[in-house]
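None of the figures in this text is laboratory data; all of them are computed from the coordinates on show. Keep in mind it's a predicted model, so treat the numbers as computed, not measured. Neighbour counts run over all protein chains shown; Cβ positions are idealised from the backbone, glycine included.
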Amino acid sequence: MIEHFAAPPHWGWYIVGYFFFGGIAGGAYVLGTMLRLWGEPRDAGAARLAFKISFWVLLICPILLTLDLGKPFRFWHMLVDARTLGIAFKYWSPMSVGAWVLTVFGVFAAGSFVEAWRPQSGIGRLLSGPLGRPFMIVGAALGLFITAYTGVLLSVSNQPVWSDTWALGGLFLASALSAAAAAIAFVAIRRGGDAVVSNAKLFAADRYFIILELVLLVVFFLTLGAAASKVLAVRWLVLWLIVLAGTIIPLAMYVRPVLAQGRSPLLAPGLVLLGNIALRAVIVFGAHA
Amino acid sequence: MAKAVGFFTDETVCIGCKACEVACKEWNQLPGNPPEFLDSFDNTGQLDAQNWRHVKFIEKSPAGRPGGVAWTMMSDVCKHCSEASCMEVCPTNAIIRTEFDTVYIQPDVCNGCRDCIAACPYHVIGFDEHRGLAQKCTFCYDRLQNNLMPACATACPTQSIRFGDLDEMRRLAAARVEQLHAQGKSEARVYGDKEYGGLHTLFVLTDKPEVYGLPSAESAVLPRRNNRASYLGSVATALLATVGALVAIRGRRATEVRGEQAP
């Protein structure tokens, strides 16, 4: 087994928050695209809501990432080589690729947001036409990348736990899609309106995402081997319980709707969102125990 | 390009005086961390943003002396790897290879993202809270540019830290190991001639590398090794998730059976 002696990077809540919100931004765009392209006409409201959530949540991401930097005003060094003023890009460094994809994805999220918010505007009309479909598909591909690369970024290190598994990218992707479905449903229920009619589809999709997430959690622990003891230390018990509550309980409620009767409709999506933050926190912090 | 330089650190003649630590802090104007009482005679604890040299005090029980303690002292420092994990992941190109073939963090380019800290397998790089930068040994880059030896090697009173052309350091290390073998210390070995494409800081050790907090040759692998498997795992998950979402969104049954009720 590979043994390194790496120091912890002390990534804290800003990074956990970015992993959470970035996942929702990317996942919501993917779900918005799917609802728009392959849903029924009555899913249009949920698709619009998904694009709006994707954009607003995405705005939080660069703020969190910048605040986490030791030199926040040098955030642009992620994209531009400060010495040569050429492009700073390394395809083998997920942080470098992620900074670029996040920037480019911002264009797609903003475009689809404008189309959803003001369909009669110039951009709205442009994206409602034949250009809209390829635009959304490219945006969704970038969104999927955003949901996954944060897990890959952790693995592409020499940190114990993170670098001992290949499952983090997939795990973050599945859980981000789950959180995005939950976020769209949550906001739709809170706001009411036409978006709520698609909630059954979102919950059905979330069922698959949660199953994938649970399978990948098992794979995660199997690939960790002895290193699993670090993330399973007693101090992380509460976070793991929240992760379990955020997956098992909503899954049970989706599979057997009778379990949801008499309970707030916000319970299942709320638990998914909480579990999602807890999962990212326990993986980011647990490696440093 | 100037000739590649290197350190050769001989653990067998280190007396733990910490002159290297002091000289490093003096020259590089490092204020140091608040003093602490730690195990043994170690009061700096680790390499970090304030400690670019760190004398490790490793306590071992000598064979045939139950309950006895023997110290092994080793002056640790950045390895200036030929294949540097920190340099590989740095997204800003702040970490560069100098004309002396050493690894240097440009303080005016680093933005303090700390990806390099997660990548370094030797626990070398630290985050300077005051300056907001990742920091580590510069190999006294400013001194090298002025034909001076690094401060630590200059101060070392026992020549445990030697400095010179990298090839010369390799020869010295190999010769020292031969000498130790001739003296009956069969466990003596060179560390750094194979790991990460060859280190610019070679050590003579008398035990397994892990005892000194150094990864073995088998463990000396780069972060990018995980790119392919992690991305492939993500793509496979993305495909499955997309199929699942399509089934859910296109499947009329979901809406028909459950109506519009949230759970």
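Here the Kirkwood formula puts the hydrodynamic radius of chain B at 20.9 Å, using every distinct Cα pair.
Please report the antiparallel percentage of the DSSP beta bridges confined to segment B:5-223, to the nearest 5.
Details: 22 of 26 bridges.
Once the DSSP bridges in segment B:5-223 are tallied, antiparallel ones form about 85 percent.
The value obtained for the protein assembly as shown, namely the Cα convex hull volume divided by the number of residues, is 160 Å³ per residue. Normalising the average separation of contacting C-alpha pairs (under 8 angstrom, six or more residues apart) by the number of residues puts the relative contact order of chain A at 23 percent.
For chain B, the list of Cys residues with no other Cys C-beta under 4.7 Å reads B:Cys14, B:Cys17, B:Cys24, B:Cys81, B:Cys90, B:Cys110, B:Cys113, B:Cys120, B:Cys140, B:Cys156.
The lysines whose alpha-carbon is closer than 17 Å to the alpha-carbon of B:Lys194, local same-chain residues fewer than 8 away aside, are B:Lys79, B:Lys208. Taking Cα centre as origin and charging only the Cβ of basic (Lys, Arg, +1) and acidic (Asp, Glu, -1) residues, the dipole magnitude of the protein assembly as shown rounds to 1940 debye.
Report, please, the projected area of chain A averaged over directions, based on the convex hull of its C-alpha atoms, in nm². If you can, show how the numbers build up before the last one.
Details: hull surface 65.8 nm².
If I average the Cα hull's projected area over directions, I get 16.5 nm².
Panel note: the C-alpha atoms of segment A:1-105, placed on their principal axes, show extents of 53, 40, 26 Å (largest first).
Can you list the DSSP H helices in chain A whose Cα atoms extend at least 18 Å along the helix axis and whose mean Kyte-Doolittle hydropathy is 0.0 or higher? Display every interim value, and only then the final one.
On the way: long enough: A:13-38 (36 Å, 1.13); A:44-68 (37 Å, 1.58); A:94-117 (32 Å, 1.33); A:132-155 (35 Å, 1.43); A:168-191 (33 Å, 1.62); A:199-224 (36 Å, 1.69); A:267-286 (27 Å, 1.90).
TM-like helix candidates: A:13-38, A:44-68, A:94-117, A:132-155, A:168-191, A:199-224, A:267-286.
Once both axes come from the Cα atoms, what is the angle between helix B:19-28 and the longest principal axis of chain B, in degrees from 0 to 90, rounded to 10? So the inclination is approximately 60 degrees. Take the convex hull of the alpha carbons in segment A:164-207; its mean projected area over all directions comes to 3.2 nm². The phi-based Karplus calculation (6.51 cos²θ - 1.76 cosθ + 1.60; θ = phi - 60°) puts the 3J(HN,Hα) values of segment B:52-64 at 8, 10, 9, 7, 7, 10, 9, 8, 10, 8, x, 4, x Hz, whole numbers, x for Gly and Pro. Give the Debye-formula value of log10 I(q)/I(0) at each listed q (0.12, 0.21 Å⁻¹), with one equal scatterer per alpha carbon of segment A:124-281, two decimals each. Those come out to -0.59, -1.32, one per q.
Each principal axis of segment B:39-163 carries a Cα extent, and these read 53, 33, 29 Å when sorted largest first. In percent, rounded to a whole number, the relative contact order of segment A:150-289 is 31, using alpha-carbon pairs under 8 Å and six or more apart.
Rounded to the nearest 0.05, what FRET efficiency do A:Arg42 and A:Ala245 give with R0 = 22 Å and r taken as the Cβ-Cβ distance? Could you check?
E(calc), rounded to 0.05, equals 0.10.
Estimated from helices alone, the mean residue ellipticity of chain B at 222 nm is -8500 deg cm²/dmol (sum of -39500 (n - 2.57) over DSSP H runs with n ≥ 4, per residue). Shown in residue order for segment A:118-130 are the 3J(HN,Hα) couplings computed by the Karplus curve 6.51 cos²θ - 1.76 cosθ + 1.60 at θ = phi - 60°: 10, x, 8, 6, x, 5, x, 5, 4, 7, 7, x, x Hz (x for Gly and Pro). The slack in the chain from B:Asp207 to B:Ala236, taken as 0.36 nm per residue of separation less the alpha-carbon distance, amounts to 6.1 nm.
Taking each DSSP H run with n ≥ 4 as -39500 (n - 2.57) and averaging over every residue of chain A yields -23000 deg cm²/dmol at 222 nm. Within a Cβ distance under 12 Å of B:Arg224, other residues only, what is the Lys/Arg minus Asp/Glu net charge? Local charge sum for B:Arg224: +1. Residue pairs exceeding 29 angstrom between C-alpha atoms, taken from A:Lys230/B:Lys18; B:Lys3/B:Lys136; B:Lys3/B:Lys185: A:Lys230/B:Lys18; B:Lys3/B:Lys185. The distance separating the Cα centre of segment B:154-229 from that of segment A:131-148 comes to 48 Å.
Shown here for segment B:29-89: chymotrypsin sites (Phe, Trp or Tyr not before Pro) in loop regions (DSSP other than H, G, I, E, B) with at most 12 other Cβ atoms within 10 Å, namely B:Phe37, B:Phe41. The 3J(HN,Hα) values that the Karplus relation (6.51, -1.76, 1.60; θ = phi - 60°) gives for segment B:176-187 are, in residue order, 5, 5, 4, 4, 5, 4, 5, 7, x, 8, 5, 7 Hz. Gly and Pro appear as x. Residues of chain B were split at every exposed loop site, defined as GluC sites (Glu not before Pro) in a DSSP loop with at most 16 other C-beta atoms within 10 angstrom, and the longest piece left, sites excluded, is B:130-186. Comparing Cα centroids, segment B:32-86 and segment B:101-140 end up 19 angstrom apart. Axis of helix B:227-250 versus longest Cα principal axis of chain B: the two differ by about 10°, to the nearest ten degrees. Between the exposed loop cleavage positions of chain A, defined as chymotrypsin sites (Phe, Trp or Tyr not before Pro) in a non-H, G, I, E, B DSSP state with at most 16 neighbouring beta-carbon atoms within 10 angstrom, the longest gap is A:93-289.
Mind checking the mean number of beta-carbon atoms from other chains within 10 Å of the Cβ atoms in A:26-38? Don't skip to the end; give the middle numbers.
Details: counts 0, 2, 0, 0, 4, 3, 0, 0, 6, 2, 0, 2, 4.
Mean shielding count: 2.
Modelled spin-label separation between B:Phe41 and A:His288, with each label point placed 7 Å from Cα along the Cα-to-Cβ direction: 3.3 nm.
Under a 5 Å amide H cut-off, with hydrogens placed 1.01 Å from N, B:Arg162 pairs with B:Phe8, B:Thr9, B:Asp10 among residues at least 5 apart or on other chains. Look at the alpha carbon pairs under 8 Å that are at least 6 residues apart: their mean separation over the length of segment A:1-157 gives a relative contact order of 29 percent. At an R0 of 56 angstrom, the distance between the Cβ atoms of A:Val218 and B:Asn147 translates into a FRET efficiency of 0.40.
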